[in-house]
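Worksheet: the structure to be examined is printed underneath.
The values are calculated or read from the model by the stated rules, or taken from the named source; none is laboratory data. These figures come from a predicted structure and were not determined experimentally. Here Cβ is always computed from backbone atoms with ideal geometry, including for glycine, and neighbour counts include all displayed protein chains. Side chains are part of the model used for accessible areas, which takes the heavy atoms of the whole protein and leaves out ligands, DNA and RNA. Shrake-Rupley method; radii C 1.70, N 1.55, O 1.52, S 1.80 Å.
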Amino acid sequence: MRWWQIRERNADLERELRSDLELEEEEQRESGLAPEEGRYAAQRAFGNATLIREQTHEAWGWAAVEHIWQDVRYALRQLQKNPGFTAIVVIVLAVGIGANCAIFSFVDAVFLRPLPVPHPERLVRIYARGPSGHYGAGFSYPEFEYLRDHVSSLNALAVENERPQLHLVLGDISAEIRGNFVSANYFKVLGIKPHLGRGFLPEEDRVPGRDPVVVISDGLWGARFNRDPAVLGRVISINSILFKVVGVAPADFNGDVPGEPIDVWIPAMMYGAAGYACDDGTYHCSLIDQMIGSLAPGSSMSQAQAEAGSTMAWSASNWLKRPGQRQIAIHSASRSSPDDQADDAAQLSLLMSVTASLLIIACTNLAGLLMARGLTRRREIAIRLSIGAGGSRIVRQLLTESLVLASLGGIAGLGLSLAGKKVLSDFYAMDSEGFRHFYDLRFDWRAAAFSIGLTLIAGMFFGLLPAVRAVRQDLVTDLKDGGASEQHGKGRVRSMLVMGQIALSIVLVIASGLLMRSAAKIARGTNFDPENALVIRLRPELTKYTPQKVDELVRRVYRRLSAEPGVVSVAYMQGGEGLVWNWQNGRDAQVSLSAESRDHSAGLEVRKQDVSSEFFSTLKIPLLAGRGIGDHDVPESSPVAVINEALAQRMFGGDPAVGRTFYVDSKPFQVVGVCADLQPANSLYAPEPHLYLSYWQSNSTREGDVRLVIRVRDDPAQALPMVRRAIQSIDASVPVGEDMPLAVQVRLEYMPVMLAQRVMSFCGLLALCLSAMGLYSVLAFAVRARSLEIGIRMALGARRQDVLRLFLLDGARLALWGAAAGLVAALLSTRMLRSLLYGVGATDPGIMMGAVGLLVLVALAACVLPACRAASISPMRVLRSE
């Protein structure tokens, strides 16, 4: 029988039962009985109609479904009778489930969701792994051709060079966009058909610089062209080159790298003309970032990896000294690069662990609440058991109530996850160089499956133990009037649950304290001041500036900005290799004490930055000895350098460094100053040596990429428009980007720390509240269960303060045991945070003791009300009621 026929069959069954009963009544009346007596006799002869219905339903095969539906309706009635309890449980679950769903949305977008292309499982991405272990070594064009022609496991292969800062000019509007230089078969390899127009023709990717055509994204089409179909054939300026629009990509395709939306696709042969070629200007010299290909039928990714690794012939292009030290690596195209995956995996694993701990605390708390609530229903359950209900039937009913609660919490949690995803997406929306990122966080079947699974697990987690304990009763005792009270010793399970909550809470509170101190240390800057300063990047090389024009532009921008009201000082440095202040950025240089150390195996490899004379004063970097770069350090004077404290220690030990001569890439430089290390203290990373040279002595303008830092008197965010106008008044065609307050750039650079601190603080605070709630519920029930004992104690002479002290000590004992277990767990677990901790140790005693003190205060506050209730018990009333 089909489920939709049940109602019709039930109606037929009722008519049949009624007809049989009426026939039986008629036979009883014909035998001489009165109508009333005949009715009762017919019912006795007919038997139990309810039992007949149940047996019939079981024969139909839908009895289990009906029982479940009955359990659900009964559960909803029970929850409706206790709206306060229901609201608390739903809110607690909603926060725990919502936080986990929000984090999973990012896990799904970064690691699980396939590319929005046909057959994404067949697409692979090919990287060159360099000697340092990173996957950004790149390929030369001959290497691409060799791989394309010799690896049979790959059906097709295309190149792509992503550049996140292209300069788009449309009339009076200029903007930074993200572009991808791809081979002509790129869209064919992915199986993408443009929404409008076409992709690239083979002949448009054969001659360097000849065919300036472009395919734009759906987003750029809507934002800049108002979705005008006449966009095809329009000419737009990108990096001072006029490109003709030949196609518009589909709306659901934003590129093939998660989180990095592409605005324009340009033929790879335009790469050099757009300003990204090598010094000799030939396309063969340009490095290809990565390649994307499709596997041949019957081939696997491991087969392609083995074949490519064994047949690849590396050229010496751009790797003249060590061409053979690269390795080919093939990975799924639906993922970002392995380098980015490692960073994302570490970050998201931490967040998933934190939110999972929060959900465990919430479920443990709810288990204790349900156990306490179950004691108020002992009489009800005892009656049901005594009249024949099986223990499994009671357990199923109570589990159904838990699952209904979990479902309500899961539905509310999905709503809260939307807000959580918005907070997370704000953290990931932009990086420290001002490049935007976007992750597709739409709700899909993976998120739905995770939400449903998490809800079911949570319901079973906090509902199973209370349900099993509820049926383990002494029916005789529970059916008596005093059966609702519980012996004191039976509360051990709830006490253990509370101690477990407190232990997990103390771990989260300690971790949040460590991360808060780390984030504060980063925000203040290490030996530099990020407040009241802003940064900006100029890229005149994209507009074909000559070195002489770059030289003049830098001087004019410096003079113009220095004359602006509200500007305190202006500094500039060579761009293109990282941020102004970051100790990890700059260009590699070999330093030694001897001019004969010319090879890479000798000397010391450091990072160097070419800076202006105001660099140290503008950033407020302390000089520990000597002076900084001066205005008189020009090409005609002797080369000078300022080294950081770590480099001074490495090269000169404890001897004075100022006045000493050392060699940078075999050229002599005199040390004129020693500055403090900008690298924040971290237990995993020792201070790195760093070197600062004069901007004008290093011929930095040849590369034409300049970063500026401007210190202002007022809010730097409000000064940004003034700075942009001043630069554009000199030359409006110069690409300007990375413009933001320096403090914002610092936070974006250390986004993993800031995000972990925000999530950990939220979870730690909530865990602390849940632990207090759990402790309160245990003591409140203990007061109720021990009311007779308290009455007897007070009748025998115990004072109210004695009773108050008794329950406060009980609560303090639970809190201290939980805190002790949490301290041990924190000592073991917070070491995993060491990579995120700057300026604070993973076992900082002050933070640990402060967390314990905070927990004890919260625990005592949670104990006060139940203890006061115990102290206010009237012994006469209790003894009389018993």
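Counted over the range 32-167 with a bin width of 10 Å, the fraction of Cα pairs per bin, in whole percents, is 8, 14, 16, 13, 11, 11, 12, 6, 4, 4, 1, 0. Going by alpha carbons, how many degrees (0 to 90, nearest 10) lie between the helix axis of 6-30 and the longest principal axis of the chain? Between helix and principal axis, roughly 0 degrees. A full extension of the chain between Q718 and I730 corresponds to an added length of 2.3 nm, given 0.36 nm per residue minus the alpha carbon distance. Per-residue 3J(HN,Hα) values for the range 297-307, derived from phi via the Karplus relation 6.51 cos²θ - 1.76 cosθ + 1.60 with θ = phi - 60°, read x, x, 9, 10, 5, 5, 5, 5, 4, 5, 5 Hz in sequence order (x marks Gly and Pro). Report the calculated FRET efficiency for R660 and Q548 (r = Cβ-Cβ distance, R0 = 35 Å), to the nearest 0.05. In this case the efficiency is close to 0.50. To the nearest 10 degrees, how steeply does helix 63-81 sit against the main Cα axis of the chain, on a 0 to 90 scale? The helix 63-81 is inclined about 80 degrees to the chain.
Taking the DSSP bridge list for the range 178-247 and keeping only pairs wholly inside it, about 60 percent are antiparallel. Per residue of the chain, the DSSP helices (runs of n ≥ 4 H) give a summed -39500 (n - 2.57) that works out to -16500 deg cm²/dmol at 222 nm.
Computed 3J(HN,Hα) for the range 83-90, one whole-Hz value per residue from the Karplus formula 6.51 cos²θ - 1.76 cosθ + 1.60 where θ = phi - 60°, is x, x, 4, 4, 5, 4, 4, 5, glycine and proline marked x. In terms of the Cα gyration tensor, with a ≥ b ≥ c the square roots of its eigenvalues, is the range 663-730 rounded because a/c is under 1.5, prolate because a/b exceeds b/c, or oblate? Oblate. Per atom type, the chain shows carbon and sulfur on 56% of its accessible surface, probed at 1.4 Å.
By the equivalent-ellipsoid construction on the alpha carbon gyration tensor, the range 776-882 comes out with semi-axes of 41, 11, 9 Å, ordered largest to smallest. Computed extension length for L624-M832: 71.5 nm, one decimal, from 0.36 nm per residue of separation with the Cα-Cα distance subtracted. To the nearest 10 degrees, how steeply does helix 49-60 sit against the main Cα axis of the chain, on a 0 to 90 scale? Tilt of helix 49-60: around 40 degrees. Distance between the 7 Å Cα→Cβ label points at R560 and L112: 5.1 nm.
Taken over the chain, the alpha-carbon convex hull comes to 237 cubic angstrom per residue.
Once the Cβ-Cβ distance of R436 and E531 is raised to the sixth power relative to R0 = 30 Å, the FRET efficiency obtained is 0.75. Here the simple spin-label model places points 7 Å from the Cα toward Cβ, and for V468 and Q341 these points are separated by 4.0 nm.
Measure off 7 Å from each Cα along the Cα-to-Cβ vector at I411 and A49, then give the distance between these two points in nanometres to one decimal. Each label point is offset 7 Å from its Cα along the Cβ direction, giving 3.5 nm.
With an a/c value of 1.5 or above and a/b not larger than b/c for the gyration tensor axes a ≥ b ≥ c computed over the alpha-carbon atoms, the range 202-274 is described as oblate. Note that the chain presents 46 Å² accessible area per residue, ligands and nucleic acids not counted, probe 1.4 Å.
On a full-extension model of 0.36 nm per residue, what is the gain between W69 and V207, subtracting their alpha-carbon distance, rounded to one decimal in nm?
Values: separation 138, 0.36 × 138 = 49.68 nm, distance 7.14 nm.
Length gained between W69 and V207: 42.5 nm.
For a Förster distance of 51 Å, can you work out the FRET efficiency between the beta-carbons of K81 and K244, rounded to the nearest 0.05? The value I calculate is 0.10. The Cα trace of the range 542-661 gives Rg and Dmax of 16.5, 51 Å, the first to one decimal, the second as a whole number.
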